[in-house]
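All remarks here apply to the structure that follows.
Read the figures in this text as sums done on the coordinates, not as results from a lab. Note that this is a predicted model, so its numbers are computed, not measured. In this analysis, Cβ positions are derived from the backbone assuming ideal geometry, glycine residues included, and neighbour counts consider all displayed protein chains.
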C-alpha cells in the first residue's frame, strides 16, 4: 500500500488544534525527536504552512452541566456583561472568540472545558 501524501494533508487540515498537538506529541515520543526544528523547516515549505491555520475561532457547542461556571468563564474571556455572557451560553453554538492564534484558542478551550463546557476550535 503506497503512502498517499495528498490524503494525509487533507486529514491534517480537518484536525482541531488539540488533535494536531496530540499528534505532534505522539510523533515526538515514538521517534524520540523534537518538533522544534522540523516545524521551522516545514514553515518554509508551502504544504506544511497550509495545513496549520494562522487564525481560528473558539465555538461553544454546549455549556455542560456547570452552566454558571461556564457563564463566568465566558464573561471573563469576552469582557461582556453577565447578561450578554449568559445569552452566549444559552444560544449555542456560539462563537466565543474569532480570528485568534491557535495557541490562544487552545488555552481558551482548555479554560472553558475545565469549567465543564464543550468547545470546538475551527
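Things worth noting here:
- Extension gain for the segment residue 111 to residue 80, taken as residue separation times 0.36 nm less the Cα-Cα distance, is 9.5 nm to one decimal.
- Virtual spin-label span in nm between residue 21 and residue 94, 7 Å along Cα→Cβ: 2.3
- Scattering profile of region 56-121 at q = 0.13, 0.16, 0.26 Å⁻¹ [log10 I(q)/I(0), Debye over alpha-carbon scatterers]: -0.26, -0.41, -1.12
- Rough spin-label spacing in nm, given labels placed 7 Å along Cα→Cβ, for residue 8 and residue 33: 1.0
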